[in-house]
Every structure is written in structure tokens, then in C-alpha cells.
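The values are calculated or read from the model by the stated rules, or taken from the named source; none is laboratory data. Everything numeric here is computed off the predicted structure, so don't read it as measured data. Cβ: placed from backbone, ideal geometry, glycine included. Neighbour counts: every protein chain shown. For the accessible areas, the whole protein counts, side chains as well, though only heavy atoms, and no ligand, DNA or RNA atoms are used. Shrake-Rupley method; radii C 1.70, N 1.55, O 1.52, S 1.80 Å.
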Amino acid sequence: MSAWREYTRHRTGLVGLGALVLIVALAVLAPLITDPQGLEVTKATGGRLEPPSGQFWLGTDENGRSVLLLTLWGARVSLLVGLSATLLSISIGTVVGLVAGHFGGLAAAALMRVTDFFLVLPSLVLAIALSTVLDRGVGTIVLAIGLTSWPSAARLVRAQTLTVSARPYIERSRALGGGHLHVIGRHVLPGVLPLVFVNTTLAVGTAIVAESTLSFLGLGDPTEVSWGAMLRAASGSGAVTAGAWWYLVPPGLAIAGVVLAFTLCGRALESVLNPRLREP
Amino acid sequence: MSDVLAPTGEPPPARARRGGGAARYALNKVGGALLSVAMIVVLGFLLFRALPGDPVQTMTRGRPVSAEQIAELQARLGLDRPLPEQFLRYLGGLLRGDLGVSYTFNVPVTQKIGERIGPTLLLVGVGTVLAVALGLWLGARSAWRRGSRFDKAATGIALTLWSAPTFWLGLLLLSATGGLFPSGGITYPDTPPDFLSQALDTAHHMVLPVLTLVAVVYAQYQLVMRSSLVEEMTADHLLTARAKGLRDDQVRRRHAVPNALLPTVTLVFLHLGLVVSGAITVETVFSWPGLGLLTYEALRGPDLPLLQGTFIVLAGAVVVMNLAADLLYRVLDPRVRAS
């Protein structure tokens with residue numbers, strides 16, 4: 001409970017958390033509060049690139065669909081991909097970091113060598129290559145982002161594992177006959193998890209930006225509405241030169257807003273869990 | 001990417017172990033870089049030949065093709081041979097500087113990449129210099145006046161810009177300036193061929209792409225500089241500097257900033273991949289004829305030989321730049337040199 005009280009002292013963290021709760025609620029409730037029929041091009045009721053009006057609060061896209069409706073539904077794919085890709089990348093990173101930090105030796109050196117390699121590699125280039133050779137779809141995007149963004153988590157987890165492993169209670173557990181699995185699962189992991197949690201929160205934003213970038217480049221699932229795909233359609237349909245700001249601003253603002261919310265939460269969490277960073 | 005924002009900051013990885021000679025340090029780093037390049041080469045092969053996806057099927061996706069055409073394409077790409085032989089041919093080609101023939105442009109991949117390297121270097125070079133200068137200056141100022149209105153505003157803006165996707169900022173700029181700047185390309189076709197007019201025209205075309213790149217990239221430099229200077233500010237030698245009567249500004253410029261600069265510079269190079277990613281999207285939005293746009297054209301095809309080529313070149317460039325940073329770091333930091 002004291003952690004929560006500490007968290008509430010960070011005004012920006014609370015703002016971020018509030019924004020996240022609101023966005024997730026809207027995304028989850030989208031099928032209940034809106035009519036999915038409006039997403040179908042053939043059933044669109046508006047004109048081409050209509051400016052905002054009483055009927056279409058955020059105007060219409062090139063097919064006459066409501067931009068507000070598309071933005072609401074786009075949140076579902078963006079959040080889903082962002083969260084699953086982060087889960088994948090954090091899992092890989094945590095396992096690699098734990099193994100490298102706990103066991104040490106040649107295997108750990110090799111693992112960290114591979115980690116450093118992937119850390120340096122421009123992740124978007126690799127993600128583009130992966131999603132081009134694999135079949136298009138949400139799963140591919142998740143895989144492409146997850147497989148390219150784990151190294152920073154691995155480094156962080158390894159550093160923390162080394163710190164935790166040096167503590168006397170780990171030695172005690174070993175002396176009492178605890179096996180590797182026991183020591184890692186019962187003693188090391190709990191010491192590493194807070195950091196992993198912070199890293200996850202910060203990584204979701206990055207994953208969402210990556211998802212929108214891949215969708216913008218046309219590597220996303222063509223049948224799903226996402227913010228990146230909306231911006232791709234906007235730039236492809238001449239909305240940029242036509243000055244159709246109502247089509248450009250909402251999806252981008254949604255991405256930036258979600259990413260900022262995750263970042264604010266992550267930074268607040270970080271200073272709660274890492275007292276050294278607390279502002280005096 | 002996200003760890004840039006996390007000021008938990010690991011110590012810069014470039015520190016040599018005590019007693020290790022300069023030559024051994026350099027050899028170690030060069031060896032590591034060579035290993036990375038080898039891994040890129042292998043990854044480049046595995047990605048495009050050995051993954052479950054069938055290259056020919058990928059390249060002909062959605063088009064009607066006959067069985068003969070497929071066989072022809074397989075033979076042209078050398079896919080009808082066993083995998084080890086393919087790998088050896090690929091290696092041999094790489095060593096001769098042969099990356100195969102582009103499927104969409106019908107010219108050697110290396111030729112296409114050679115044409116596009118210049119514009120990318122120009123864009124990324126100018127963009128990075130501006131972003132580093134702006135980021136370091138803002139970061140130093142906001143750390144020095146930590147908690148001030150300037151600090152809050154600068155950090156807030158940096159975080160917001162960092163959160164926005166690159167291509168969206170580009171689209172917004174393009175839309176907002178409404179034809180004031182060219183929407184694509186590097187020069188107009190009807191510009192006189194003399195150097196001055198060409199240079200001016202190129203500069204005119206560069207304004208928006210560079211602005212977009214800087215807007216997205218500078219934030220990380222600023223945030224890293226800020227946290228590294230904040231850490232430096234409690235150092236004892238600053239108290240000494242103040243005690244001997246230096247003005248606040250002098251303390252900052254001569255004693256605090258140089259020390260904070262080092263970890264920042266290392267991190268800047270470590271995250272060069274981010275600049276490459278930025279270049280891909282910026283070049284795509286503004287049709288800037290560089291390697292980023294080439295990557296986009298390759299993935300649209302999809303033109304696998306071309307995509308493989310840009311992958312190897314872009315990833316290799318980042319590895320080489322990192323090596324340069326590691327070696328430079330040793331020269332720059334007297335503490336590492338003296339040990």
C-alpha cells in the first residue's frame with residue numbers, strides 16, 4: 001500500500017494512469033458503444049473526406065467512414081499488438097538475462113554477445129525483414145516486434161540478477177541445498193521482477209510506435225483497422241495535400257497519447273521502485 | 001529504445017579493464033565488430049532463404065504465375081540448389097561485392113545501393129548533427145536548472161515528441177506547411193545544373209525531412225544528457241570550482257558538462273539504430289531517394305534480393321559506427337586511457 005501512496009505523489013504518473021484506464025476502457029467497450037457496421041466500406045454513409053460535422057464529429061475518411069469510429073476501433077489492434085509484443089519481448093529478455101546473470105561462464109558470455117548484437121542492430125530494419133518474409137497478419141507483427149526488442153530488457157535483467165545474486169540470502173539458499181531452479185524462482189526472480197515491471201510499462205509505448213510504423217509501411221494486417229493503417233490510408237488517399245487534418249490528427253494523437261501515458265506511468269513506477277531516482 | 005528514457009544508466013560498456021593495453025583493447029573491439037558483421041551476414045541469409053516462408057511465394061504473392069515462371073525465378077535466385085551450396089554462393093558473392101540482382105529494378109543490388117547512399121548520408125548527417133547539438137544544449141540547460149519551468153517544459157516537449165511516430169510528424173509538417181516546401185524528392189527536374197542552384201534546391205527539399213528527423217531523434221540525447229549531468233552535479237570538484245570563484249556558467253561549461261558529455265556520446269552511438277529507423281520512415285514520407293526509401297520500395301515489391309542488400313548495408317553501417325565510437329571513446333576519456 002505504501003508503494004501506491006508513493007505512486008500517487010507523482011502527478012504525471014497519475015495523469016498517465018488515468019489516461020490509460022480511459023483508453024483501455026474505450027477500446028474494450030468499442031463493440032458495445034458503437035456499431036461495427038460503420039467500419040464496412042460498402043455501408044459507409046458519409047461523403048469522401050468530409051470535414052467534422054454534427055453527424056461525424058471527426059469527419060470522414062476517403063470511403064466516407066467516420067474517423068472517430070475508426071480511431072476508436074484502431075485502439076484495439078494497436079493496444080493488443082503493443083501489449084502482446086511487449087509480453088513476448090520481456091519474456092525473452094527476462095529469460096536470457098536471468099540465465100546469463102545466474103549461470104555466468106562461457107554460455108553467459110555467448111548469450112550476452114548475442115544480446116549486444118541485437119541491441120546494436122537497427123530493430124526496424126530487422127522487423128521489416130521479418131514481416132516481409134512471413135505471412136501478413138497481426139501474429140507476424142507481434143513476432144517481428146517481440147523478436148527485435150528484447151535485448152535492452154535482457155541487459156537490464158542480467159545486471160539486476162548479478163546484483164541480487166551477490167546478496168547473502170542467495171548464498172544461504174545455495175548452502176541449504178537449493179537447486180538452480182529453486183534459487184532463481186524463489187529468490188532471484190522476486191528481486192528482479194519490479195525492474196521487469198517498470199521496463200514492461202516503458203516498452204509498451206515503443207512497441208505501439210513500432211506497430212504503427214510497420215502498419216504505415218504496409219506490413220500490417222490489411223483487414224484490420226489500426227492507427228498506423230489509418231495514417232497509411234490517409235497519406236495514400238491525398239488527405240495530406242487536401243489539408244484533411246481531421247483524418248491525420250486523431251490517429252497520430254492517439255498513438256502519441258497512449259505512448260506518452262505508458263511512458264509517464266513507467267517513469268513514475270521507476271521512481272517508486274528505485275528510491276535513488278526520487279526527486280529531493 | 002525504452003531504456004534511453006530510463007535513467008538507471010548502466011556504466012558505459014566501453015571501459016577497458018585495468019592493465020589492458022590500448023592495442024589489446026582495440027583488437028578486442030575490432031574482433032567483436034567482425035563477429036557482429038559475420039552474424040549479420042548469416043542472419044541476412046537465414047532471414048531470406050531459410051525461414052519457413054517461401055521466397056518465391058512471397059515475391060509472387062497475389063499475382064497469377066505459371067509453374068514455369070516459378071521454376072525460372074527459383075533458378076534465377078539459385079533456390080533450386082541445396083541450402084549449404086546456396087550459402088557458399090551467397091558468401092562468395094558478398095566477398096566480391098555482389099548482392100544479386102534487384103527483382104523490381106533489374107539492376108545489380110549494389111549499384112542501386114550505391115546510388116542511394118549519398119542522399120541518406122546527407123539527410124542523416126545533417127539531421128544527427130542538428131539533433132545532437134539541440135539535444136545536448138537543452139539537456140544541459142534543463143539539468144542545470146533542474147525543476148525549473150524551463151526544465152519542465154523542455155522535458156515535457158521532448159517526451160511528447162519522442163512518443164509521436166516519426167511518419168506522423170512528417171505528415172503533419174507536410175500538411176501544415178501546405179506546399180511551402182516540396183513534398184518529395186531531392187531536387188526539381190528543371191533546376192539548372194550548376195552547383196549553387198542545385199545546392200539551394202536540395203536544401204529547400206531537405207527542410208522538412210531534416211526537421212522531422214531532428215524532432216524525433218533529439219529527445220533521447222536531451223534526456224540522456226540531462227540525467228548524466230544531474231548525476232555529475234553532486235561531484236565534489238564542482239564545489240572546488242565554485243570555491244575558487246568561478247561563475248556559475250563557467251562551472252557548468254568547463255567542469256560539469258565535459259564530464260557528463262562522455263556517457264552521453266557513447267549512448268548516442270549505441271542508439272544509432274534509432275536514427276536508421278527514423279531515416280526509413282522519413283525517407284518514405286518525403287520520397288527522399290536514399291537507402292530508407294529503397295528499403296520501402298524493396299518491401300513493397302517484395303524484392304527480396306534488394307531487401308537483403310539494404311538489411312546488410314544498414315545493419316553493417318551501424319556496427320561499424322559503434323566500433324568507431326568505442327575506439328573514439330578510448331581516445332576521448334583520459335580516465336580509460338591512463339589505466
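Summary table below
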quantity: Accessible-area order (highest first, 1.4 angstrom probe) of the listed residues A:180, B:237, B:271; calculated: A:180, B:237, B:271
quantity: Rounded percent of accessible protein surface that carbon and sulfur make up, the stretch A:68-277, 1.4 Å probe; calculated: 68 percent
quantity: In order through the stretch B:34-46: 3J(HN,Hα) via Karplus (6.51 cos²θ - 1.76 cosθ + 1.60), integer Hz, x for Gly, Pro; calculated: 4, 4, 4, 4, 4, 5, 5, 4, 5, 4, x, 6, 4
quantity: Solvent-accessible ranking of B:218, B:103, largest area first, probe 1.4 Å; calculated: B:103, B:218
quantity: Where chain B is the region considered: accessible area per residue in Å², 1.4 Å probe; calculated: 47 Å²
quantity: Distant-in-sequence amide H partners of residue B:288 (H built 1.01 Å from N, under 5 Å); calculated: B:185
quantity: Shielding by partners - mean other protein chain Cβ count within 10 Å, residues of B:275-282; calculated: 4
quantity: Among B:274, B:121, B:246, residue whose mean-square fluctuation peaks in a GNM of chain B (springs only between Cα atoms under 10 Å); calculated: B:246
quantity: Tilt relative to chain B, helix B:195-232 - C-alpha long axis, 0 to 90 degrees, to 10; calculated: 50 degrees
quantity: Shielding by partners, peptide A:143-154 (average Cβ within 10 angstrom, other chains); calculated: 1
quantity: Net dipole in debye of the stretch A:68-277 [+1 Lys, Arg Cβ; -1 Asp, Glu Cβ; about Cα centre; nearest 20]; calculated: 640 debye
quantity: Carbon + sulfur, % of accessible area of chain B - ligands and nucleic acids excluded, 1.4 Å; calculated: 64 percent
quantity: Area accessible to solvent at residue B:247, 1.4 Å probe radius, in Å²; calculated: 150 Å²
quantity: Using alpha-carbon coordinates, inclination of helix B:109-144 to the longest axis of chain B, degrees; calculated: 20 degrees
quantity: Whichever aspartates and glutamates have a C-alpha closer than 15 Å to that of residue B:152, once near sequence neighbours (fewer than 8 apart) are set aside; calculated: A:279
quantity: Nearest 10 degrees, 0 to 90: helix A:123-133 Cα axis against chain A principal axis; calculated: 70 degrees
quantity: Dipole of the protein assembly as shown [Lys/Arg +1, Asp/Glu -1 at C-beta], most positive-end residue of A:8, B:255, A:147; calculated: B:255
quantity: Relative contact order [Cα under 8 Å, 6+ residues apart], chain A, whole percent; calculated: 27 percent
quantity: Straight-distance crosslink candidates among aspartates and glutamates, where the alpha carbon sits under 17 Å from residue A:43 and sequence neighbours closer than 8 are dropped; calculated: A:35, A:61, A:62, A:224
quantity: Accessible area buried between chains A and B, both sides summed, probe 1.4 Å, in Å² to nearest 100; calculated: 4800 Å²
quantity: Those residues of the stretch B:167-212 for which accessible area with every protein chain present is at least 50 Å² below the isolated value (1.4 Å probe); calculated: B:167, B:168, B:171, B:175
quantity: Highest to lowest packing among B:317-324, B:79-86, B:110-117, scored as the average C-beta count within 10 Å; calculated: B:317-324, B:110-117, B:79-86
quantity: Cα-derived Rg over Rh, computed across the protein assembly as shown with Rh taken as Kirkwood radius; calculated: 0.97
quantity: Rounded accessible area per residue of chain A, 1.4 Å, Å²; calculated: 44 Å²
quantity: Diffusion constant of the stretch A:68-277 at 20 °C, which comes from Stokes-Einstein with the Kirkwood Cα-pair radius and 1.002 mPa s, µm²/s; calculated: 115 µm²/s
